[in-house]
Amino acid sequence: MTERVWHILLESFPKILLPGLRMTLPLTAVAFALAMVIAVAVALIQFARVKALVPLCRFYIWVIRGTPLLVQLFVVFYGFKAGMYMSPFWAAVLVFAVNEGAYCAETMRGALESVPAGQIEAGYCVGMRYTQIMRRIVLPQALRTAFPSLSNGLISMVKDTSLTANITVAEMFMATQRINARYYEPLALYLEVAVIYLLFSTLLTWLQRWGEKRLNALGGKEARHA
Amino acid sequence: MLEVRDLRKRFGHLTVLDGVSLRVEKGDVTAVIGPSGGGKTTLLRCVNFLEKADGGTLIFDGNSYDLRTVSKRDMAAVRMKTGFVFQNFNLFSNKTAIQNVTEGLIIARRMPKDQANAVAMRALDRVGLRDRADHYPSQLSGGQQQRVAIARAVATNPEIIYFDEPTSALDPELIGEVLAVMRDLAASGMTMLVVTHEMRFAREVSSRVIFMENGGIVEQGESRAFFAAPKEARTQAFLRTISAEN
Ligand SMILES: Nc1ncnc2c1ncn2[C@@H]1O[C@H](COP(=O)(O)OP(=O)(O)O)[C@@H](O)[C@H]1O
Ligand SMILES: [Mg+2]
């Protein structure tokens, strides 16, 4: 590589990383947290068979999982002109939360159903109420079961935030495109941003491993593998 | 103390309980025996509302409940005074042994934490598992898990404990430790309704025996007389096959 390319890479690195720290990571964190709230609520409604709301939940999951994320971003931002009411950042948070919420709701539902029904009955037999049993027995176990899948969703989301460049969110990928427009070094620059995404994903993977270890210690699971 | 009148239960077209009536007095240890599929598990589950009966009355602690229409509130009130030990333990897998015991005390009965821990420790001591208090169910043998489950039922100081084949899921060498704990309980005066295939337990520990088959009670009576001279031909036949097995 020529000296010019090295120079461009060095100079652009903070200009790409900074939007990563200011946009990509906060967008992911906020959207994922909201997605979790949606997912747990939608999964619990189905698990508890709240008759009036179950069809609504199924419809939501059907529509969101059946349409591309990019199209959802366009519908909200350009179709409904979300930009008139909120910044592109918050429009992106909205779409990502609703999108990820649908996938995670299915993961959570499966995890809830994997908790042996006998433990719910045992809860009743020691005098607990349904909500107490859910909160203290079923949900903690379901979260542990769902944790690896949910972590996958989080890691995918970090990378998918690059799509928000299309709705004018000034995140890492848009920053890279802008720099490339000036210097025209697509291979070097797009590889550079790829490496930064890889860095973020790797950090999250470590976080996932650490989280799983903690959860195992809490649930006494290590003994099973010992 | 506990009375069931004309309990009926169907699963689809299959009649599983066809008008079962029984009485348990305070301090009784009643063994329920009979061939598999006879409705013994369903009987216990209906009496503790885990299964909704199609008809019948439960008289418990002086109150009468229609088993078909009993309210959530009444279910909760009765369950606060009963314990249930399942065939496959059903311990909370995300809780340690002691937490399994304190859960019903702290959460359901609002007992202060310190007091609940002390009560739970005593209950675990009683089943010989004081030193396993901080183990998770996955770290315990089947026999130990069932003993924790018994401690969980005992700790709430219930008026009666239902046992559904508490040793059937255990390896043979672990059955003894669970039966020993149940003997102690019986000796301490606990009222127990025990579905079991352990004829020695029924013979030596129980004060009364109920023989169930095809959703009905064929014969019941005081334990010694029951085993010494069973009246019904079907009871005699059942006891013969059981003793041939052992
Ligand atoms: N949830 C259920 N759905 C349908 N049939 C059931 C259910 N539970 C039990 N049964 C049937 O009811 C009958 C009695 O079962 P059970 O009470 O478990 O007998 P036991 O405990 O004496 O072996 C059996 O024929 C069994 O197959
Ligand atoms: Mg049974």
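For the stretch A:34-148, the Kirkwood radius over C-alpha pairs fed into Stokes-Einstein at 25 °C and 0.890 mPa s yields D = 158 µm² per second. Give, as ranges by residue number, the residues of the stretch A:37-66 whose backbone N falls under 15 Å from the point 7 Å along Cα→Cβ of residue A:86. So the set is A:37-38.
Sorting B:197, A:7 on solvent-accessible area from highest to lowest, probe radius 1.4 Å, gives A:7, B:197. Computed from protein heavy atoms with a 1.4 Å probe, the total accessible area buried between A and B is close to 2000 Å².
What helices in chain A pass both tests, a Cα length along the helix axis of 27 Å or more and a mean Kyte hydropathy of -0.5 or higher, using whole DSSP H runs? In chain A, the long hydrophobic H runs are A:25-47, A:88-113, A:139-160, A:186-219.
Using only side-chain charges placed at the Cβ, +1 for Lys and Arg and -1 for Asp and Glu, the dipole size of the stretch A:3-225 relative to its Cα centre rounds to 640 debye. What residues of the stretch A:98-132 lie in the reach of a label at residue B:110, counting those whose backbone N is under 16 Å from a point 7 Å from the Cα along Cα→Cβ? Only A:127-129, A:132 fall inside the zone, counting backbone N under 16 Å. Model label points for residue B:1 and residue A:187, set 7 angstrom from Cα along the Cα-to-Cβ axis, are 8.6 nm apart.
A prolate overall shape is assigned to the protein assembly as shown, the ratio a/c of its alpha-carbon gyration tensor axes (a ≥ b ≥ c) being 1.5 or greater and a/b exceeding b/c. Highest mean packing comes first when the peptides B:20-27, A:47-54, B:79-86, B:199-206 are listed by Cβ atoms within 10 Å, giving B:79-86, B:199-206, B:20-27, A:47-54. With protein chains left intact and a 1.4 Å probe, residues in the stretch B:76-224 average 38 Å² of accessible area per residue. Ordering B:138, A:114 by accessible surface, largest first, gives A:114, B:138; the 1.4 Å probe counts only protein heavy atoms, with every chain in place.
Annotation: the antiparallel percentage among DSSP beta bridges lying fully within the protein assembly as shown is about 60. Whole Å is fine, so just give me how far the alpha carbon centre of the stretch A:99-161 lies from that of the stretch B:1-16. Taking the Cα centre of each part, the stretch A:99-161 and the stretch B:1-16 sit 35 Å apart.
For the stretch A:3-225, the alpha-carbon coordinates run over 73, 46, 24 Å along the three principal axes, in decreasing order. Taking amide H atoms as placed 1.01 Å from N in the peptide plane, the amide H of residue B:82 lies under 5 Å from those of B:159, each 5 or more residues away in sequence or on another chain.
In percent, rounded to a whole number, the relative contact order of the stretch A:3-225 is 30, using alpha-carbon pairs under 8 Å and six or more apart. Annotation: amide H of residue B:167 has no partner in the under-5 Å range at sequence separation 5 or more or interchain, hydrogens built in the peptide plane. Length gained on full extension, residue A:114 to residue A:149: 11.2 nm, using 0.36 nm per residue less the C-alpha separation.
The values are calculated or read from the model by the stated rules, or taken from the named source; none is laboratory data. This one's a predicted model, so the numbers in the text were calculated from it and none came from an experiment. For neighbour counting, all protein chains shown are included, and Cβ atoms are generated from backbone atoms with ideal geometry for every residue, glycine included. Remember, those area values only see protein heavy atoms, side chains included, never the ligands or the DNA or RNA. Shrake-Rupley method; radii C 1.70, N 1.55, O 1.52, S 1.80 Å.
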